[in-house]
Amino acid sequence: MMAMASASGVRSLRGALNDMFWLLTVPLFLIVLSRMGALLSNEAVIGLVLGLALLMTAGIWLRAVVRRRIFLAGAVRTESPWYRRLRGGPLMALVALLGAVPLATILVVATVRVTGPQLLVGMVLNVPLLVLLREFWHRRLAGHAVPRFRAMLALRLALVVNLGLLFLALAIAALFQTYPELSGLTLVEAMLSEAGRQEAASGLLQALMQLAAAKDAAAWWLGQQVLPGVIEPGLQVAGWMILLATDLLVVWSYLLICASVLTLVHWRAWHPGSHSE
Amino acid sequence: MSTYTERRGIAGNAARLVGLLLALALLTALVLDQRPWERLLGGDARVGIVIEGQRFQLEAGDAGIIGQRAAERANQGAASAHDATARLVAQELDALFASMSARLPDYADWYFSLKGEYARLSFLLLRWGGLAAADPLVDATMELIFGGEELAERLAVIERDVEGMLGAHASELRTRWLEELLAVAREPKPARAGSPPATVLLLDDLAGEFAGHGSSEFLTRLSASSAGAVSAGAAAPLVARLALRSSTAAAGGRALALKGAGRGAAKAGTAGASALGCAAAGPAAWACALAVGSAAWLGTDWALLTVDEWRNRDALIADWEERLALLRVELEETLLARYGQAIEVWHEGMRLEVERSFSPLDSLRGVQAPRSDH
């Protein structure tokens, strides 16, 4: 019995380590993208965004399918034709794709624009964290979740906790970063100045990078407005909120891609199947 | 058998763990270390320059040279602005004070005239009676030497001239710097021609600062101070102080006053002696005595004034030459201190703007962003 448990632990650890190896391809790809992204042509950028969006869609769609199946299992009779119609198919995938395209765009632009090492190092170190969190929830849910949905529920919980942790780490790192001094400029000057620094071979990517840079400049500018007599630091808070909201979207996009890689690796095991239980 | 499998599994996991840690370390190093990327992407990093809507690309080393030259240009520009201001102010003050010196003989004529004498005497009487506030000596000095409002007007002209000269100087500095920049860039290529630059330098703010329109607001500072005619305002108290100065000249003045008192005693004696010569009697005798006495007083006074002028005119003019020289020094110091301060603020603004504009070069390996010594 002990030997079986030990063998199961060894297998489980091997599975987790294999997952980590698979997941390392994501930060590796993003590191290369951060260095080479500015060299890409318009077509390559569009292809890249669509490819990443499709990859994201795989994970989003499967989680949506699981959520739908959980609802169907509880609410709809299995013999009803609606059970089959509502189980999740191409339409659900299309909706997932529509949501994934802007997220993939945000991730590509943020990765190409990245200047400090914080984001990319955070992404690399997050790989073991995500897998360990998933393993943790998988074990915790052993006595609670239906086996058919357990893997995806564990992944979902791991993603939520990981989002909070990675976001917190990046927000703390952002506090210690240095930002351009914009206090002497007007808001428009600050935005134009930052937008003017963006360079990319692809006009489309450059335009997106300029938009992102203008947004960053607006946030920094707001954060640097120290008005005499104004005690409530409303503008600074607004600036920080813009930065944090963007960071949150970038982190979420990254985690969605990681989740999709894991989902594709374990597609057969994690798919709830077409049968009803 | 199962133990063997288990051992193989553990060994496999240990190998995977080591491989994973190595992979994590490798990826972190790839993020933190630039060198592999520079080798992979090849060649020297290129830097984009954006100025006046034009985009250029050049080698990072050339961008560093442009930064160094901009810092040198800022230092030279401020130093030559100091020199040019000092030269122009000295030149204009020379002309102004030459015209004032030329008026000193007229002032001496007034000073040693009966009119001047009695104006001074009447002021003394009025001041004893508490009826006079303004000093006619200062008024006359202002009018005869400084030409009334002319001093203030001439100073305002000097301020406008200096402001115009410094504006042209700043504009020329910007033009020369731009020429130098283009000379280093040699053949400007559109930014899209090759791979995107590693970093982009925006130099419009620096060009504005060179031209005096930047955050130091050099030209605004100059025109604001000129519009207020600060120098003219500062000159008035200096002039009043000099007119009433009681140093060597005032010692001379006291000597003159004593002489004046002596003159009065001599004149009274002469008047009395002349009145005795009036032979008429009754009221006519009084009128005669008064007329003769007055004529004798004035005649004697004129004669004594003439003697006094003969003896002291040169001393008076020399004393005023000395006062004017002192005023010139003080005015020059006031003007140069004010322009010097504005130029220093401009210099500091250019220095900071050079550092700020070229600071993105710090992120490129082997390129030194300019640090102007100050």
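Taken together, the values in this text are just the output of simple stated rules run on the coordinates, not laboratory data. Fair warning: this is a prediction, and the values are worked out from it, not measured in the lab. Neighbour counts are summed over all protein chains in view; Cβ atoms, including those assigned to glycine, are modelled from backbone coordinates with ideal geometry.
Data for the structure
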item	result
Extension gain (nm, one decimal) between A:GLU43 and A:LEU94, 0.36 nm per residue minus Cα-Cα	16.2 nm
Inter-chain shielding of B:48-61 (mean C-beta neighbours from other protein chains, 10 Å cut-off)	1
Charged-residue dipole, Cβ positions (Lys, Arg, Asp, Glu), segment A:99-197 about Cα centre, Debye nearest 20	740 debye
Chain A - charge dipole about Cα centre, Lys and Arg +1 at Cβ, Asp and Glu -1, debye rounded to 20	1640 debye
Theoretical FRET efficiency, 1/(1+(r/R0)^6), r = Cβ-Cβ of A:LEU86 and A:TRP267, R0 22 Å, to 0.05	0.55
Equivalent-ellipsoid semi-axes of chain A, from the Cα gyration tensor, Å, largest first	39, 22, 20
For B:THR334, net neighbour charge (Lys/Arg +1, Asp/Glu -1) across residues whose Cβ lies under 12 Å away	-2
Peptides ranked, highest mean first, by Cβ atoms within 10 Å: ranges B:154-164, A:138-148	B:154-164, A:138-148
Listed residue (A:LEU48, A:LEU33, A:VAL65) projecting farthest to the positive dipole end of segment A:1-100, Cβ model	A:VAL65
Distance (nanometres) between label positions extended 7 Å along Cα→Cβ at B:GLU143 and A:ALA238	6.4 nm
Label zone at B:LEU121, where the point sits 7 Å out along the Cα-to-Cβ direction: segment B:284-319 residues whose backbone N lies under 14 Å	B:293-306
Net length gained if the chain between B:ALA102 and B:VAL307 were fully extended (0.36 nm per residue, minus Cα distance)	71.5 nm
In Hz, Karplus ³J(HN,Hα) per residue of segment A:20-25 (6.51, -1.76, 1.60; θ = phi - 60°; x = Gly, Pro)	4, 4, 4, 5, 4, 5
Only Lys, Arg (+1) and Asp, Glu (-1) charged, at Cβ; segment A:58-144 dipole about Cα centre in debye	360 debye
